[in-house]
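Before any comments, here is the structure.
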C-alpha cells in the first residue's frame with residue numbers, strides 16, 4: 001500500500017474519519033499543530049498496528065559493507081513476538097491525500113505535514129494483510145523477544161534507522177547478576 005506520485009497517505013485503525021484537522025500529538029516534541037502523512041518511501045514504516053513498537057533499518061547511501069552485513073537484506077523491520085497476533089489481526093486503513101498541502105517534516109523528511117485541515121481524496125482503503133505487504137515489498141520482518149539489542153546495533157551504525165513507539169517495547173534486558 002503505497003501512494004502514487006502526487007499523493008501521500010495517513011494510516012489509521014479508524015475507518016470513519018472524514019476530515020483531518022491539525023493537532024498537537026500527545027507525544028509531540030514540537031508545539032505546532034499538524035496533519036501527519038507519509039510518502040511512498042516512508043509508508044512501510046506504518047504497516048503496523050498504531051501502538052506496535054518497531055525498529056526499522058535499511059541500507060542507505062552511506063552504509064558501509066560491515067554495517068550492511070548487520071541486516072543481511074536491504075531493509076528490515078523488527079517487532080516483538082508478543083505483537084505478532086495484533087499484527088495479523090489489526091484492521092488498518094489508508095487515507096489518500098493530494099500531496100500539495102503537505103511539506104516534508106524533520107531533518108530526514110521522515111514524514112509529511114500539513115498545517116491546514118485536509119479531506120481525503122476518497123474513502124479509506126483497507127490495507128489488508130500486513131505480513132503479505134512486507135513480503136511483497138521485499139522487506140524482511142523479524143520477530144524478536146526484545147527490540148533493544150537490534151535498536152542499539154542499527155542506531156549506532158551507518159544504516160538508515162527509525163524507531164517508532166519504542167516506549168511500548170518490552171523493557172531493556174538487565175545483565176544477569178553473578
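Quick check on residue 78: is it more than 17 Å from residue 43 (Cβ to Cβ) and crowded, with 17+ Cβ neighbours inside 10 Å? Spell out the reasoning first.
Working: more than 17 Å from residue 43 (Cβ to Cβ): yes; crowded, with 17+ Cβ neighbours inside 10 Å: yes.
Judged against the criteria, residue 78 is a match.
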State whether the residues of the stretch 89-102 include one that is farther than 25 Å from residue 10 by Cβ, surrounded by fewer than 18 Cβ atoms within 10 Å (Cβ to Cβ) and over 18 Å from the mean Cα position of the chain (by Cα).
no
So for the stretch 45-55 (the condition being in contact (Cβ under 8 Å) with a residue 40 or more places away in the chain, part of a strand (DSSP E or B) and either out of contact with any helix residue (DSSP H, G or I) (no Cβ under 8 Å at 6 or more places or on another chain) or surrounded by 14 or more Cβ atoms within 10 Å (Cβ to Cβ) (or both)), does at least one residue qualify?
yes
Could you please let me know if residue 71 is at pLDDT 95 or above and surrounded by 14 or more Cβ atoms within 10 Å (Cβ to Cβ)?
no
If I ask for residues that are within 14 Å of residue 71 (Cα to Cα), surrounded by 15 or more Cβ atoms within 10 Å (Cβ to Cβ) and more than 15 Å from the chain's Cα centre (by Cα), which ones from the stretch 148-166 would you list?
150, 153, 154, 157, 158, 159
Checked pairs for the stretch 155-175, first at positive phi, second surrounded by fewer than 14 Cβ atoms within 10 Å (Cβ to Cβ), C-beta under 7 Å and 6 or more apart or across chains, list as 165/51
Pairs where the first residue, in the stretch 117-138, is closer than 13 Å to residue 46 by Cα and the second is loosely packed, with under 15 Cβ neighbours inside 10 Å and modelled with pLDDT of 95 or more, C-beta under 7 Å, 6+ apart
131/88
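Which ones in the stretch 126-142 are under 18 Å from residue 89 (Cβ atoms) and surrounded by fewer than 17 Cβ atoms within 10 Å (Cβ to Cβ)?
We begin by selecting, within the stretch 126-142, every residue under 18 Å from residue 89 (Cβ atoms); these are 126-135, 141.
Matches in the stretch 126-142: 126, 128, 129, 131, 132, 135.
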The one condition residue 79 fails out of (1) under 19 Å from residue 162 (Cα atoms); (2) in a helix (DSSP H, G or I) is (2)
Quick check: anything in the stretch 7-16 in contact (Cβ under 8 Å) with a residue 40 or more places away in the chain, more than 16 Å from the chain's Cα centre (by Cα), closer than 30 Å to residue 73 by Cα and outside any loop (DSSP other than H, G, I, E, B)?
yes
Would you please name the residue that is modelled with the highest pLDDT, looking only at residues in the stretch 91-107 that are out of contact with any strand residue (DSSP E or B) (no Cβ under 8 Å at 6 or more places or on another chain) and within 22 Å of residue 28 (Cα to Cα)?
106
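The values are calculated or read from the model by the stated rules, or taken from the named source; none is laboratory data. On a predicted model such as this, the values are computed, not experimentally measured, just so you know. Note that each Cβ is placed from the backbone with ideal geometry, even for glycine, and that neighbours are counted across all protein chains shown.
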